[in-house]
Amino acid sequence: MSQNRREFLGTTGIITAAAIGTTLASPNLSAFATSIGGTITKHVLPPLPYAYNALEPIIDAKTVELHYTKHNAAYIAGLNKAEEELQKARENNDFSLVDYWSKKLSFNGAGAFLHYIYWRSMKPGGGDSPKGEIFEQINKDFGSPETLKNQFTAAAINVEGSGWSILGFRPDDKSLVVLQAENHQKLTTWDIVPLMCIDVWEHAYYLKYQNNRAQYVKNWWTLINWDFILKNFKEHKM
Ligand code: MN3
């Protein structure tokens with residue numbers, strides 16, 4: 001399992017003040033979750049890697065605060081709830097609500113994980129160019145960083161309703177692909193590992209950009225954190 005998935009899923013430890021201040025370079029972002037016994041893990045909202053106002057003026061502090069403390073937190077809570085209910089179902093051998101809780105697990109689990117990638121796909125003062133192995137892979141699969149940017153941007157702007165644009169790594173043929181997601185979990189090919197993503201739910205931009213999703217997506221590129229994306233790529237390309 002990759003480092004990012006381990007960090008996100010977590011298995012041991014409790015969140016601490018030290019963990020809040022942890023940077024991406026730290027080997028111990030795994031302290032997100034604490035075991036509550038049995039076969040399930042209690043997930044904890046991963047720390048935001050910067051202050052609420054750190055992405056100003058591209059993304060305003062209020063949007064980041066609400067997005068992180070309300071929306072992102074709700075997906076973590078929803079993921080825990082779904083897993084608790086499925087645990088109860090197993091204990092009681094009563095799967096009459098398995099459709100409902102499986103759907104909640106998918107929606108909230110995908111939402112929680114994509115937000116983890118989303119916050120780290122950006123950084124204050126970001127917006128530089130891809131370098132090293134990710135640069136080479138982008139050239140191989142897209143021809144140039146500019147072409148990737150054009151496809152990723154178009155995918156983001158054109159998501160129907162609420163969703164995401166995602167750059168993912170496909171282990172099978174070791175290639176990069178751009179996918180759209182509707183909600184958090186729909187339209188995937190299941191085999192890809194998200195390396196970077198942009199949230200185009202209205203809650204991600206509406207306070208500042210209103211209905212102008214295209215401007216938000218265009219501006220978002222000035223925050224992009226290629227260091228994280230390269231790190232993520234290197235962990236998965238083995
Ligand atoms: Mn969101």
Would a scan of region 178-198 turn up a residue that is in contact with a Gly (Cβ under 6 Å, 6 or more places away or on another chain) and among the charged types (D, E, K, R)?
yes
For Lys42, the lone unmet condition from (1) modelled with pLDDT under 95; (2) under 23 Å from Gly126 (Cβ atoms) is (2)
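Picking from Leu66, Leu45, which residue would you name as being within 24 Å of Glu202 (Cβ to Cβ), in contact (Cβ under 8 Å) with a residue 12 or more places away in the chain, of a type in the set (A, V, I, L, M) and not in a helix (DSSP H, G or I)? Before the answer, list the steps.
Working: Leu66 fails: not in a helix (DSSP H, G or I).
Sole residue among the options that is within 24 Å of Glu202 (Cβ to Cβ), in contact (Cβ under 8 Å) with a residue 12 or more places away in the chain, of a type in the set (A, V, I, L, M) and not in a helix (DSSP H, G or I): Leu45.
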Hey, Leu66 of a type in the set (A, V, I, L, M, F, W, C), at pLDDT 50 or above, surrounded by fewer than 18 Cβ atoms within 10 Å (Cβ to Cβ) and out of contact with any helix residue (DSSP H, G or I) (no Cβ under 8 Å at 6 or more places or on another chain) or not
no
Would it be correct to say that Glu182 is touching a strand residue (DSSP E or B) at 6+ places or on another chain (Cβ under 6 Å) and among the charged types (D, E, K, R)?
yes
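From Leu79, Leu86, which residue is buried (at least 16 other Cβ atoms within 10 Å of the Cβ) and away from the ligand (no atom under 16 Å from the Cβ)? Working first, answer last.
Details: Leu79 fails: away from the ligand (no atom under 16 Å from the Cβ).
Selected residue: Leu86, the only one of Leu79, Leu86 that is buried (at least 16 other Cβ atoms within 10 Å of the Cβ) and away from the ligand (no atom under 16 Å from the Cβ).
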Among the residues in region 166-180, are any without any contact (Cβ under 8 Å) to a residue 40 or more places away in the chain, within 16 Å of the ligand (Cβ to nearest atom) and in contact with a helix residue (DSSP H, G or I) (Cβ under 7 Å, 6 or more places away or on another chain)?
yes
Just one of (1) within 15 Å of the ligand (Cβ to nearest atom); (2) more than 12 Å from Ile59 (Cα to Cα); (3) of a type in the set (Ser, Thr, Tyr) trips up Thr188, so point out which.
(1)
Starting from region 202-216, take each residue that is modelled with pLDDT of 95 or more and list its partners that are part of a helix (DSSP H, G or I) and away from the ligand (no atom under 16 Å from the Cβ), counting only C-beta distances under 8 angstrom and pairs at least six apart or across chains.
Tyr209/Gln215; Arg213/Ile157; Ala214/Ile157
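I need the helices (runs of 4 or more DSSP H) fully contained in region 97-215, keeping only those with at least 2 residues that are loosely packed, with under 14 Cβ neighbours inside 10 Å.
Details: elements: 98-120, 132-142, 145-158, 206-209.
Where helices (runs of 4 or more DSSP H) fall fully within region 97-215 and carry at least 2 residues being loosely packed, with under 14 Cβ neighbours inside 10 Å, they are 98-120, 132-142, 145-158.
The values are calculated or read from the model by the stated rules, or taken from the named source; none is laboratory data. Source: prediction; values computed, not measured. For neighbour counting, all protein chains shown are included, and Cβ atoms are generated from backbone atoms with ideal geometry for every residue, glycine included.
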